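Shown next, in structure tokens, is the structure this report addresses.
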Amino acid sequence: MTATLTSRRLTTAKAIVEAIGDEMAADPNVIVLGEDVGAYGGIFSSTTGLLERFGPTRVLDTPISETAFIGLATGAAVEGLRPIVELMFVDFMGVCLDQIYNHMAKIHFESGGNVTVPVVLTTAVGGGYSDGAQHSQCLWGTFAHLPGLKVVVPSNPYDAKGLMTAAIRDDNPVVYMFHKGVLGLPWMAKNRRATGEVPTDSYQVEIGKASVARRGTDVTVVTVSLSVHLALDVAERLAADGISVEVIDLRSLVPLDRAAIRESVARTGRLVVVDEDYLSYGMSGEVIATVVEHDPRMLTRAPIRVAVPDVPIPYARELEYAVLPTTARIETAVREVMQR
């Protein structure tokens with residue numbers, strides 16, 4: 001967005017904190033809980049300063065028991081609070097999955113619509129830092145597969161604040177997934193787009209509305225999160241070769257902006273889907289199905305998927321980057337779809 005007098009540059013991490021702080025100040029029912037969300041400020045700086053502003057009755061450090069504090073957040077939401085609960089790494093979802101998909105996701109349905117569960121489940125995702133197989137997954141496709149949950153995946157500071165505000169105000173359970181590589185943390189790999197203009201005022205970004213991160217005419221690249229940045233890097237490089245790449249940032253998987261996908265592909269005729277989640281049964285297949293089930297004639301070439309193969313994320317840096325959707329893999333896919 002264009003800089004204004006009411007905006008300034010923030011990292012994605014600071015934009016998330018600002019959104020939470022604004023909503024806590026406006027609504028006493030908004031609380032934060034999870035491991036190290038208090039004095040430590042979240043291991044990815046997602047709750048920094050909130051304890052000092054709002055005190056220990058509204059910012060609760062919990063024991064290391066994901067089942068307990070995810071269940072606590074669900075119960076608090078049912079009773080009228082609006083909790084934001086942090087699952088430190090998305091990989092830990094296995095410890096508390098029953099609380100998420102059998103309770104948080106289903107209570108509204110099982111109550112005949114009489115009970116709402118306005119909880120935001122935040123969690124860190126993504127690889128590229130040699131964190132190993134149990135700290136490097138994305139898994140947004142898993143959450144998107146479970147009915148009853150909205151799934152939000154911001155890629156930049158502006159969207160991060162607006163989507164967090166929208167998530168907190170939503171009466172549905174929202175899984176808010178932030179990639180470590182887009183947060184702008186000084187101790188992680190630098191990302192020039194992880195800092196950007198963010199309005200000082202509160203605002204919402206509509207959940208379920210994709211963004212055109214870059215206009216193009218030759219090929220559509222559909223993706224989310226850190227891969228948006230990688231796709232933009234590729235698009236800038238390929239422009240010198242006369243290849244015009246349109247980059248669609250989905251911003252959320254549930255709801256999925258299928259109209260935006262189809263509108264772009266109808267103009268370009270070519271599709272590449274980039275997904276840091278696993279290849280099979282996930283976002284990449286859903287995006288392609290969105291096109292071909294509507295009208296396969298929109299595609300002048302067969303689509304290509306760039307995703308993580310169905311293997312655990314390796315620890316060794318060389319092996320890890322061999323499976324991640326790097327700029328090299330994305331560029332190869334775009335060039336291939338242009339030649340088919």
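The values are calculated or read from the model by the stated rules, or taken from the named source; none is laboratory data. Computed from a predicted structure; not experimentally measured. Because the Cβ atoms are built from the backbone with ideal geometry, glycine has one as well, and the counts that use them run over all protein chains shown. To get the accessible areas, we keep the full protein, side chains included, count just its heavy atoms, and leave off ligands, DNA and RNA. Shrake-Rupley method; radii C 1.70, N 1.55, O 1.52, S 1.80 Å.
Structure data summary
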| item | result |
| --- | --- |
| Residues located in segment 127-139, provided they are farther than 19 Å from Val287 by Cβ and either open to solvent by 40 Å² or more (accessible area, probe 1.4 Å) or of a type outside the set (S, T, N, Q) (or both) | Gly127, Gly128, Tyr129, Asp131, Gly132, Ala133, Gln134, His135 |
| From Thr142, Thr123, Thr165, residue being open to solvent by 10 Å² or more (accessible area, probe 1.4 Å), of a type in the set (Val, Ile, Thr) and within 15 Å of the chain's Cα centre (by Cα) | Thr142 |
| Residues of segment 91-120 satisfying the condition of being in a helix (DSSP H, G or I), surrounded by 18 or more Cβ atoms within 10 Å (Cβ to Cβ) and of a type in the set (A, V, I, L, M) | Met93, Ile100, Met104, Ile107 |
| Any hit, segment 56-66, residues being surrounded by 14 or more Cβ atoms within 10 Å (Cβ to Cβ), of a type outside the set (A, V, I, L, M, F, W, C) and free of Cβ contacts under 8 Å to residues at least 24 places away in the same chain | no |
| Tabulated pairs, segment 310-326, first closer than 19 Å to Ser225 by Cα, second among the small types (Gly, Ala, Ser) and in a helix (DSSP H, G or I), C-beta under 8 angstrom, 6+ apart or interchain | Pro325/Ser227 |
| Cross-chain or 6+ apart pairs with Cβ under 6 Å, segment 247-264 first and within 23 Å of Glu331 (Cβ to Cβ), then among the charged types (D, E, K, R) and open to solvent by 10 Å² or more (accessible area, probe 1.4 Å) | Val247/Arg214 |
| Every residue from segment 282-309 that is closer than 24 Å to Ser136 by Cα and free of Cβ contacts under 8 Å to residues at least 24 places away in the same chain | Ser284, Gly285 |
| Flag if Ala289 is of a type in the set (A, V, I, L, M, F, W, C) and over 30 Å from Gly162 (Cα atoms) | no |
| Residue check, Leu271 more than 30 Å from Glu23 (Cβ to Cβ) and either within 18 Å of the chain's Cα centre (by Cα) or among the polar types (S, T, N, Q) (or both) | no |
